[in-house]
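Okay, so here's the structure we're looking at.
Derivation of every value follows stated rules applied to the coordinates shown; laboratory data play no part. All values derive from a computational prediction rather than experimental measurement. Here Cβ is always computed from backbone atoms with ideal geometry, including for glycine, and neighbour counts include all displayed protein chains.
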Amino acid sequence: MSITLTEKAAKHVQKSLNGRGKGLGLRLGVKTSGCSGMSYVMEFADEIQPEDQLFESQGVKIIVDTKSLLYIDGTELDFVREGLNEGFQFNNPNVKDSCGCGESFNT
């Protein structure tokens, strides 16, 4: 099982953590939402819970709860710029379908 970050994503996360002044790493997960069933949740992690799995990629700690890991195992998180827009992109090999707006997915 693994979750990885591209170099661009890791630099962006590390810069944000440094600007925030605290935090262990990045917490990734999923929640039931959207028109396709699930959406990604991403936030800074200040602590690790007993049910969490810890990964490290490009020097950044990634914390994922066990239930979410079933849906995002193998995911690579990238940070992309397209024109004037920028943001994180989840390259999740488990996704079978996603909604037209790109905000939710199902496996």
Scan of the range 30-55 for residues that are over 15 Å from residue 17 (Cα atoms) and among the acidic types (Asp, Glu), ordered by number: 51, 52
Subset of the range 19-44 (residues that are under 24 Å from residue 70 (Cα atoms), outside any strand (DSSP E or B) and not small (Gly, Ala, Ser)): 24, 35
Condition check for residue 16: part of a strand (DSSP E or B) and in contact (Cβ under 8 Å) with a residue 12 or more places away in the chain: no
